[in-house]
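K.L.:
Structure provided below as structure tokens; questions to follow.
The values are calculated or read from the model by the stated rules, or taken from the named source; none is laboratory data. Computed from a predicted model, the values in this text were never measured in an experiment. Here the Cβ positions follow ideal geometry from the backbone for every residue, glycine too, while neighbour counts run over all protein chains shown.
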Amino acid sequence: MSTVSTAFEKAAAEDRAALVGYLPAGFPDKQTAIKAALAMVEAGADVIEVGLPYSDPLMDGPVIADAVYRALKGGVKIKDVFDTVQAVADAGAAALVMTYWNPVDKYGADAFSRDLASAGGAGLITPDLTPEEAGPWLEASDAHGLDRVFLVAPSSPPQRVETITSLCRGFVYAVSVMGITGARDAVSSSAAGVVARIREHTTLPAAVGLGVSNGAQARQVAGFADGVIVGSAFVRRIAGAATPADAIASVRELTADLAQGVRRG
Amino acid sequence: MRTYVLQDEEGQTLDTHSISAGLDYPGVGPEHSWLKDTGRAEYRSVSDAEAMEGFAALCQTEGIIPALESSHAVAGAIRLGRELGPDALILVNLSGRGDKDVATASAYFGV
């Protein structure tokens, strides 16, 4: 039983959706990112998604793209990602790394998995890895006992949803819109449909990402999904803070708002 | 399916430069990667200066304005011609037209 599965089960037992919070490692600097992630854990996030800053973040909108650009300019390395994961895991929360595939491919899927597991990481979210190309990751994640989160899009046909969900472990990432990451005024009307289609193929939890930025939206998504993923809204809080201490306080405040939101009823 | 990418030791793509906008990119297509790996094609690099020499040469000798991307092929053909000698027959694929590039060429040559 993975720590991610445990986190989703715990949330379900409390009649709420799990709260998954994303932060890129190294933004605005390594230590502040770690403290912000720990603040998320303390304020009620169930799973932490640690972003591995990548130079070609094709799924991300301007808020996250700018943050990872600044993290890379600041010299963030894969080792810093593992250190961030370690800090979250030591605090008792499930930590997944959200990463584009090339850095893992270059590091070596098996070596990356080994080092992630030894840092206490639960697995990977892989937005640009297709099932057809996932062979080395499937093998490495089995060998090192890691979760595999692939993404289902509103455009994924049933056969594709079947293929994707059959490879997932931990949860399935339901992409709410045909677009990029970033806060939106309203939760996409297609999100519930994506979750429903995922449930036709798997009993794994389905968590909705893209466009959720506040407690009210989290509540809406918690009405039909097992988990709520929030990224850009956190990153925006950090980017807009005057000092690291303000950034951490602001992340804590947003987490608390979202953690209230994911409670149903 | 894999492809060649300019990257650092952590798998981050490198910044790139080319006088030709169409070549100013850190990766190549998987077809080219496959042709290289199977030995069907041999790839060589050409500098901005050589490409612009190729551009000028084709304009002046044939009255054909090649795209800056294709100018790299012209430069490669000139170099290959020197290696193979006067009896060699070389076919150059001019993949694009250079009237889109005259502003860049004009700035480069200062005319």
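K.L.:
Output yes when any residue across region B:90-111 is on the phi < 0 side of the Ramachandran plot, within 14 Å of chain A (Cβ to nearest Cβ) and among the basic types (Lys, Arg), and no when none is.
P.N.:
No, because not a single residue in region B:90-111 is on the phi < 0 side of the Ramachandran plot, within 14 Å of chain A (Cβ to nearest Cβ) and among the basic types (Lys, Arg).
K.L.:
Name every residue in region A:125-150 that is under 17 Å from the mean Cα position of the chain (by Cα) and either at pLDDT below 95 or within 14 Å of chain B (Cβ to nearest Cβ) (or both), in order of residue number.
P.N.:
A:Thr126, A:Asp128, A:Leu129
K.L.:
Test of understanding: among A:Gly75, A:Gly44, A:Gly26, A:Gly21, which residue is in contact with a Ser or Thr (Cβ under 9 Å, 6 or more places away or on another chain), modelled with pLDDT of 95 or more and under 24 Å from A:Lys106 (Cα atoms)?
P.N.:
A:Gly26
K.L.:
Okay, moving on. Can you name the residue in region A:29-61 that is of a type outside the set (Gly, Ala, Ser) and within 14 Å of chain B (Cβ to nearest Cβ) and, of all such residues, is nearest to B:Asp15 (Cα to Cα)?
P.N.:
Ranking the qualifying residues of region A:29-61, first place goes to A:Asp56.
K.L.:
Also, I was wondering about something else. At least 3 residues that are more than 19 Å from A:Ala122 (Cα to Cα) and free of Cβ contacts under 8 Å to residues at least 40 places away in the same chain in each: list the helices (runs of 4 or more DSSP H) lying fully within region A:22-102 that qualify.
P.N.:
A:62-73
K.L.:
I'd like to verify a number: residues in region A:151-192 that are assigned to a helix (DSSP H, G or I) and either closer than 20 Å to A:Met98 by Cα or at pLDDT 95 or above (or both), how many?
P.N.:
The number of residues fulfilling the criteria is 10.
K.L.:
Can you name every residue in region A:185-199 that is crowded, with 18+ Cβ neighbours inside 10 Å and out of contact with any Pro (no Cβ under 9 Å at 6 or more places or on another chain)?
P.N.:
A:Val187, A:Ala192, A:Val195, A:Ile198, A:Arg199, listed by residue number.
K.L.:
Restricted to region A:200-240, and to residues that are over 18 Å from A:Leu19 (Cα atoms) and touching a residue at least 12 places away in the same chain (Cβ under 8 Å), which residue is surrounded by the most Cβ atoms within 10 Å (Cβ to Cβ)?
P.N.:
A:Ile238
K.L.:
Give the residues of region B:1-14 that are part of a loop (DSSP other than H, G, I, E, B) and facing chain A (nearest Cβ under 9 Å), sorted by residue number.
P.N.:
B:Met1, B:Arg2, B:Asp8, B:Glu9, B:Glu10, B:Gly11, B:Gln12, B:Leu14
K.L.:
Any residue in region B:68-80 that is over 11 Å from the mean Cα position of the chain (by Cα), closer than 21 Å to B:Asp24 by Cα and assigned to a helix (DSSP H, G or I)?
P.N.:
Looking for residues that are over 11 Å from the mean Cα position of the chain (by Cα), closer than 21 Å to B:Asp24 by Cα and assigned to a helix (DSSP H, G or I), one finds none in region B:68-80, hence no.
K.L.:
In region A:235-245, what residues are touching a helix residue (DSSP H, G or I) at 6+ places or on another chain (Cβ under 6 Å) and of a type outside the set (Gly, Ala, Ser)?
P.N.:
A:Val235, A:Arg236, A:Arg237, A:Ile238, A:Pro244
K.L.:
Could you tell me which residue of region A:168-213 is farthest from A:Asp226 (Cα to Cα), considering only residues that are touching a Lys or Arg at 6+ places or on another chain (Cβ under 8 Å) and among the small types (Gly, Ala, Ser)?
P.N.:
A:Ala183
K.L.:
For region B:35-58: of the residues being touching a residue at least 12 places away in the same chain (Cβ under 8 Å) and more than 11 Å from the chain's Cα centre (by Cα), which is farthest from B:Ala103 (Cα to Cα)?
P.N.:
B:Lys36
K.L.:
Does region A:83-101 hold any residues that are surrounded by fewer than 22 Cβ atoms within 10 Å (Cβ to Cβ) and touching an Asp or Glu at 6+ places or on another chain (Cβ under 6 Å), and which are they?
P.N.:
Scanning region A:83-101 gives a single hit, A:Trp101.
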